[in-house]
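Participant: Sharing a structure with you now.
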Amino acid sequence: MSPTLVGLVAGALTGMAAIPQLAKTLRTRHARDISVWQPLLLSTGIALWIVYGMLIHNLPLILTNIIPLVCNILLTGLKFHYRDNAA
């Protein structure tokens, strides 16, 4: 198995990790059980991985981090949007 394929599969699997939480937050319309720091710090780290991928010209690293970055930014936004839905 090529290193690129391993990287793509690993990135796809870890990238999909935020999707269930994002879907649940959208469905229930509350984010009280989510710490704002988790998606915020994760977004920062993922953004840095994208920058690193750009610096070393590694397309799989860049591409596999776009979806988790978007998901975690959305999750952070939803945390603030639903902050008053404490029920």
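Participant: Pairs of Cα atoms under 8 Å, at least six residues apart: use those to get the relative contact order of the chain, whole percent.
Facilitator: Relative contact order of the chain: 45 percent.
Participant: Please give the contour-minus-distance gain from Val9 to Phe80: 0.36 nm per residue of separation, less the Cα-Cα distance, rounded to one decimal in nm. Let's see the in-between values first.
Facilitator: Working: separation 71, 0.36 × 71 = 25.56 nm, distance 3.18 nm.
Net length gain for the segment: 22.4 nm.
Participant: Could you give the size of the charge dipole of the chain about its Cα centre, using +1 on the Cβ of each K and R and -1 on the Cβ of each D and E, expressed in debye and rounded to the nearest 20?
Facilitator: Working: 6 positive and 2 negative charges, 59 e Å.
Dipole of the chain, to the nearest 20 debye: 280 debye.
Participant: Per 0.36 nm of contour for each residue apart, how much would the distance between Val70 and Val51 grow if the chain were fully extended, relative to their Cα-Cα spacing?
Facilitator: Additional length available on full extension: 5.4 nm.
Participant: Which value in nm describes the separation of the simple spin-label points at Met1 and Gln38, placed 7 Å from the Cα toward the beta carbon?
Facilitator: According to this spin-label approximation, the distance is 2.7 nm.
Participant: Something else: Helix-only estimate, please: 222 nm mean residue ellipticity of the chain, summing -39500 (n - 2.57) across DSSP H runs of length 4 or more and dividing by its residues, to the nearest 500.
Facilitator: Roughly -25000 deg cm²/dmol at 222 nm, from the helical runs in the chain.
Participant: Related question: Based on the Cα coordinates of the chain, what is the per residue volume of their convex hull in Å³?
Facilitator: Working: hull volume 6.5 nm³, N = 87.
Spread over its residues, the Cα hull of the chain gives 75 Å³ apiece.
Participant: Looking at Leu40, Val6, Leu63, which one has the Cα that reaches farthest to the positive end of the dipole of the chain (charges on Cβ: Lys, Arg +1; Asp, Glu -1)?
Facilitator: Value: Leu40.
Bear in mind that the values in this text are calculations on the coordinates, not laboratory data. Keep in mind it's a predicted model, so treat the numbers as computed, not measured. Ideal geometry is used to build each Cβ from the backbone, glycine not excepted, and the neighbour counts take in all protein chains shown.
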